[in-house]
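Since every read-out is calculated from the coordinates, none of them should be taken as a lab result. Predicted model, so just to flag it, every value in this text is computed and none were measured. Here the Cβ positions follow ideal geometry from the backbone for every residue, glycine too, while neighbour counts run over all protein chains shown.
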2 protein chains.
Amino acid sequence: MAGGGKKQKETKLGLTAKKDGDFSEWYSQVVVESEMISYYDVSGCYILRPWSFAIWDEIQRFFDGEIKKLGVQNAYFPLFITEEALTTEKDHVEGFAPEVAWVTKSGQSDLDRPIAIRPTSETVMYPYYKQWVRSHRDLPLRLNQWTNVVRWEFKHPTPFIRSREFLWQEGHTAFATKEEADVEVKQIIDLYAAIYEQLLAVPVARGYKSSKEKFAGALYTTTVEAFVPHTGRGIQGGTSHCLGQNFSKMFGIEFETEEKERQHVWQNSWGFTTRSIGVMVMLHGDDKGVVIPPRVCQVQVVVIPILNSKMDEEAKRAMSQRADAIEDALKAAGVRVTGDRRDNYTPGWKYNFWELRGVPLRVELGPRDMEAGTVMLARRDTGAKESAPWEALAERVPALLETVQREMLERARATRDASVETARTWDEFMAALGRKHAVLAPWCDEESAEDEVKTRSVARDADGKELMGAKTLCIPFEQPELPEGTPCFITGKPAKNWALWGRSY
Amino acid sequence: MAGGGKKQKETKLGLTAKKDGDFSEWYSQVVVESEMISYYDVSGCYILRPWSFAIWDEIQRFFDGEIKKLGVQNAYFPLFITEEALTTEKDHVEGFAPEVAWVTKSGQSDLDRPIAIRPTSETVMYPYYKQWVRSHRDLPLRLNQWTNVVRWEFKHPTPFIRSREFLWQEGHTAFATKEEADVEVKQIIDLYAAIYEQLLAVPVARGYKSSKEKFAGALYTTTVEAFVPHTGRGIQGGTSHCLGQNFSKMFGIEFETEEKERQHVWQNSWGFTTRSIGVMVMLHGDDKGVVIPPRVCQVQVVVIPILNSKMDEEAKRAMSQRADAIEDALKAAGVRVTGDRRDNYTPGWKYNFWELRGVPLRVELGPRDMEAGTVMLARRDTGAKESAPWEALAERVPALLETVQREMLERARATRDASVETARTWDEFMAALGRKHAVLAPWCDEESAEDEVKTRSVARDADGKELMGAKTLCIPFEQPELPEGTPCFITGKPAKNWALWGRSY
């Protein structure tokens, strides 16, 4: 791992911004100083350095394995789309048109016709689905690709969270029946929830998008929604769409049933992006740096021998050998471990260095530990320390990593739960938003009402900065009881569901 | 797996072109009919369908694991490059300028400045290497990425072999000394050779590129070169470049040595692409379809029960259960196996279907096998058949797959060796080229001589089609003895090395 390499022994390390102070500045600092991100000289594009890419690698490994179990296969479709294909589905292209990047030249020559860079691949793939699907025997057709996509947004870019190019997977599947498509939509959204909760320790709400917020061209959209308590904003974490027959009718994707009838296929598409890494940073990071859950951290444990100048050569050698033995034992136990033996930094500087990077556990080995046959284990997430004998480490460390993983999710869930209020009236709703909370409120499910909320809930924060209006984050799958006749908090009409509202990213 | 799904029982299946006849037409047919490739409506771009992408998945798994053992880390750098960065290294940009695709618009708006799509990422990455490398402690810096790149070529596009977008990995590393860089260049080219020889069963020659053929901006380039006997053309299979200090001087990538001196780093870059899959198809395919080596084939064995209408229900059920048991036993033995139980195709049609796709082994289970407790094993590569008892399959099938893998390479090597001639004079050289061979010839190593060969060796084939002139494929690492004063075959000056020449892709 690159790292440090500063000339002075005690160079400044760490963040000047506070998470509770200027959150946005804190976030910018923490993703850069932890070496997850480098800003890049094309605006809105970022470099994913190894420290963050390793997290994406873990996400890929998990999700790719799970969808292969479901029968999904990987493929690769081109980056480029013709204008004709892009504009085939009208609602869909309207959703993306302003953000599409166009290639118009190669070398010094103008292309005959401009070619779009994919913002998503529905219109890249589906003309070929039409060719490949003829009979019910060709179904289901379930393909996935891991790619880059480009959406040339003009909103304020933020590393991981909103960038003009990002990495994702996109699954595109076709079924003979709506029932099969419905089942998959749910399987996939559950896998997305598993990435957040089981890997990234980020609690999410699962639900449907409102018709206003659903994917352009979809029949319905399901989503996992995370919540960032420090900013009081919800954030869409991944979406699994049932496209219905909208695209199959536009692209003419038909099959012959066993009864020799021609029908349009039912389609889904679903995508999960590198945004997820940013959500994890926002939730778990602190003023010392990022905090990465053990399951996705490239280095789970760092071993730091506390050598000092008073020690004689023999004592130094013994400590160094002990550190080797501990690293070997942990490696053998399946732990991703590294040792920090740099001789140009103090132990305290090294603690800061690894805390900034969010390594879950630190093993300190000092002169007194050498006498006692112990080490000190220090948790990154809580700062808690415990002493442990050498011979117990191969068992204790993996168990402690599991504890860290579990407790990170539990704490995040408790905080999230404390950030969601129930409101039945407009005043309650605005008061909850004012406390930077998400709001569960009975809703008539009318788009005009959502428009009204968005306009009326615009407000100013303590510094006078305008806060964008709230919108529905989702209509949660798990619905509280809704007695007949409960009024919508905004229109007073009979509510059709409980919707989760919030300001959002 | 999708597949077939034609309405008629006995639809036409297979290739109309012959490999020994119209090779180019045969290749176009075989990549499409085997469901590896779909042609795409942007010229020069292709869809990699699951049947070919699975091969890329295997290549990735192998190579990614090997470079991680060397200490290389994965990262992701943006698709886009500013014109300023692209043009920093002059030789380099001249090599790519005519092929660069430019984004000039987003939505309806013109960008302030056109932005290039990476043809390769030296100039994307190295401004940041400058920022990240300060001290000898930051070295080596060894990053890799798996990405798409775009080179808007106007030569005739060919699936896998030459496309405007392709997938690859690109490694970019920086070292304190030339010695370390040299070691890595060799390690990587050996890994590329291992992908070809151990995974794809394609023999390659390793060597240096001539100064005319080396990578634009490199100090020297090493290469693995395959040879396609049917066309008599060499094909570059992967390159590992020592960039020397050319880029570090242009981009100002300096470090402070232990002695507090400032020095420029030594850099390498190396890339391996999806072209390799096309080379494999060209070498191993035949008039029945592709032939995929077991190690990279998504399905290594297909089990086909030979049900017929004369069998009673009980006999059908028994055969079906036996086929299940065989599949289970092979899965348990770590074999990637699938069963073809489609009831709307004859066994013969299924044989053709899986032969077209190149599955290495077919297990046939017929009525007489049911009596004898045996199956018939049929090899895709040789067509050889052998009978094997059920209880031996878990051992025999993996062993036979290993044999297929080994023999495919051995046969390809024998053919390649028979396609390389030694020439000492111009006449011998042209005669060898005329026999569609590659030629090993003593060479003075002067660029003007290579230019002359290229011009003078233009010829016409039997159909009067112009054959492009020959060039150096590589200067092989393994050099035959070259007695002092041996004359160059073209200039007559003293030869400096043996070079491998050929027409090429």
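Going by average Cβ neighbours within 10 Å, how do the peptides B:478-490, B:322-334, A:298-310 rank, with the highest at the top? It would help to have the intermediate numbers written out before the result.
Values: B:478-490: 12.9, B:322-334: 15.6, A:298-310: 19.1.
The densest-packed peptide leads the list: A:298-310, B:322-334, B:478-490.
Looking at the P(r) of the range B:438-505, how many percent of alpha-carbon pairs lie beyond 16 Å? For the range B:438-505, the share of Cα pairs beyond 16 Å comes to 47 percent. Quick one: Debye curve from the alpha-carbon atoms of the range B:222-373 only, equal weights, vacuum; give me log10 I(q)/I(0) at q = 0.08, 0.14 Å⁻¹ to two decimals. Debye intensities relative to I(0), on a log10 scale: -0.46, -0.82.
Here's the list of lysines a cross-link from A:Lys260 could span, going by alpha-carbon distance under 16 Å and ignoring same-chain residues fewer than 8 apart: B:Lys6, B:Lys7, B:Lys9.
Tell me, what is the percent relative contact order of chain A, built from C-alpha pairs under 8 Å that lie six or more residues apart? Spell out each step's value before the answer.
On the way: 997 pairs, mean separation 71.9, N = 505.
The normalised contact order for chain A reaches 14 percent.
Between the Cα long axis of helix B:347-357 and the first principal axis of chain B there is an angle of about 10°, rounded to the nearest 10. Counted over the range A:301-444, the DSSP beta bridges are approximately 45% antiparallel. If you take every residue apart from B:Ile188 with its C-beta less than 14 Å away from the C-beta of B:Ile188, what net charge results, scoring Lys and Arg +1 and Asp and Glu -1? That works out to -2.
Report the relative contact order of the range A:216-284, percent, no decimals, based on alpha-carbon pairs under 8 angstrom and at least 6 residues apart. Averaging sequence separation for qualifying contacts and normalising by length gives 30 percent for the range A:216-284. Using the Cβ-Cβ distance between B:Glu99 and A:Lys249 with R0 = 45 Å, the FRET efficiency computed as 1/(1 + (r/R0)^6) comes to roughly 0.70.
The ellipsoid that matches the Cα gyration tensor of the range A:355-465 has semi-axes, each √(5λ) in whole angstrom, of 50, 15, 10, with the longest given first.
For the Cα atoms of chain A, what angle does the longest principal axis make with the long axis of helix A:178-194, in degrees from 0 to 90, nearest 10? Result, in degrees: 20.
Could you tell me which of rounded, prolate or oblate describes the range A:286-378, using a ≥ b ≥ c as the square roots of the eigenvalues of the alpha-carbon gyration tensor, with rounded for a/c under 1.5 and, failing that, prolate when a/b is larger than b/c and oblate otherwise? Oblate, because a/c is 1.5 or more while a/b does not exceed b/c.
What number do you get for chain B when its Cα radius of gyration is normalised by 2.2 N^0.38 Å, N = residues? Rg over 2.2 N^0.38 Å, computed on Cα atoms: 1.10. The alpha-carbon atoms of the range B:14-79 define a convex hull whose volume equals 135 cubic angstrom per residue. Residues whose amide H lies under 5 Å from that of A:Phe272, counting only those 5 or more places away or on a different chain, are A:Gln169; hydrogens are built 1.01 Å from N in the peptide plane.
For chain B, taking a cut-off of 4.7 Å between Cβ atoms, the unpaired cysteines are B:Cys45, B:Cys242, B:Cys297, B:Cys474. Using a cut-off of 20 Å between Cα atoms, the listed pairs A:Lys69/B:Lys68; A:Lys90/A:Lys214; B:Lys471/B:Lys493 include A:Lys69/B:Lys68 as exceeding that distance. The angle between the Cα long axis of helix A:275-284 and the main principal axis of chain A comes to about 50°, on a 0 to 90 degree scale. Translational diffusion coefficient of the range B:154-195 at 4 °C, 1.567 mPa s, Stokes-Einstein with Kirkwood Rh over Cα pairs, in µm²/s as a whole number. In µm²/s, the coefficient rounds to 100. Its relative contact order, with pairs defined as Cα atoms under 8 Å and 6+ residues apart, puts the range A:92-184 at 26 percent. Set Lys and Arg Cβ to +1 and Asp and Glu Cβ to -1, take the dipole of the protein assembly as shown about its Cα centre, and tell me which of A:Met376, A:Val303, A:Tyr129 lies farthest positive. Toward the positive end, the furthest listed residue is A:Tyr129.
Relative to one another, the C-alpha centroids of the range B:259-315 and the range B:397-412 are positioned 14 Å apart. Reducing the range B:413-472 and the range A:85-105 to their Cα centroids gives an inter-centroid distance of 49 Å.
Placing +1 at every Lys and Arg Cβ and -1 at every Asp and Glu Cβ, with all other atoms neutral, what dipole size does the range B:358-399 have around its Cα centre, in debye to the nearest 20? Walk me through the numbers on the way to the answer.
Values: 6 positive and 7 negative charges, 41 e Å.
It works out to roughly 200 debye.
The overall shape of the range B:98-199, judged from the alpha-carbon gyration tensor, is oblate: a/c is not under 1.5, and a/b is no greater than b/c. Partners of B:Lys465 within straight-line reach, counting aspartates and glutamates whose Cα lies under 14 Å from its Cα and excluding those fewer than 8 residues away in the same chain: B:Asp22.
Can you tell me the dipole magnitude for chain A around its Cα centre, using point charges on the Cβ only (Lys, Arg +1; Asp, Glu -1), in Debye to the nearest 20?
Details: 66 positive and 74 negative charges, 212 e Å.
Using only the charged Cβ atoms, the result is roughly 1020 debye.
Once every DSSP H run of n ≥ 4 in chain A is given -39500 (n - 2.57) and the sum is divided by its residues, what mean residue ellipticity at 222 nm do you get, rounded to the nearest 500 deg cm²/dmol?
Numbers: 14 runs with 168 residues, N = 505.
Mean residue ellipticity at 222 nm (helix-derived): -10500 deg cm²/dmol.
When a/c reaches 1.5 or more, the comparison of a/b and b/c decides; with that in mind, is the protein assembly as shown rounded, prolate or oblate per its Cα gyration tensor? The shape class here is oblate.
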